[in-house]
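Chemist: Could you have a look at this structure, given as structure tokens, before my questions?
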């Protein structure tokens, strides 16, 4: 009986590895393919930063730090909405500052709970990564 359980677990592990390998080869991201209908019904907006955490002096072993931002999302189909988010970013990223305007996307009518960054953050778009969640 124990051998059957081990064989089933190994088969499931092999199937998971093969699925991930096929996704990587086809260019599909974890969130789905571009144009996936689950992600296409989002509305563009703008996040104006009203608060940003201080930039830490040093990061973790991967040279990453937390960046906490708060601000107001303005866009079509929604009143100005106050939001808050915490992101893991590389130390080399250009740190955002109060007043920066960052492109975001959100589900219509649900800006407060479904917003995501849709472009680079910080004053110099070339210096920071694109933190879009595809």
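Chemist: Using the per-residue mean of other Cβ atoms lying within 10 Å as a proxy for protection, in what order, highest first, do the peptides 71-82, 100-111, 7-18, 47-58 fall? Please report the intermediate quantities before stating the final value.
Modeler: On the way: 71-82: 15.4, 100-111: 17.8, 7-18: 10.0, 47-58: 13.7.
Output ranking for 71-82, 100-111, 7-18, 47-58: 100-111, 71-82, 47-58, 7-18.
Chemist: Return one quarter of the surface area of the convex hull spanned by the alpha-carbon atoms of the range 43-117, equal to its mean projected area, in nm².
Modeler: One quarter of the hull surface, i.e. the mean projection, equals 4.8 nm².
Each reported figure results from applying straightforward, stated rules to the coordinates on display, with no laboratory input. None of these values were measured; they are calculated from a predicted model. Here Cβ is always computed from backbone atoms with ideal geometry, including for glycine, and neighbour counts include all displayed protein chains.
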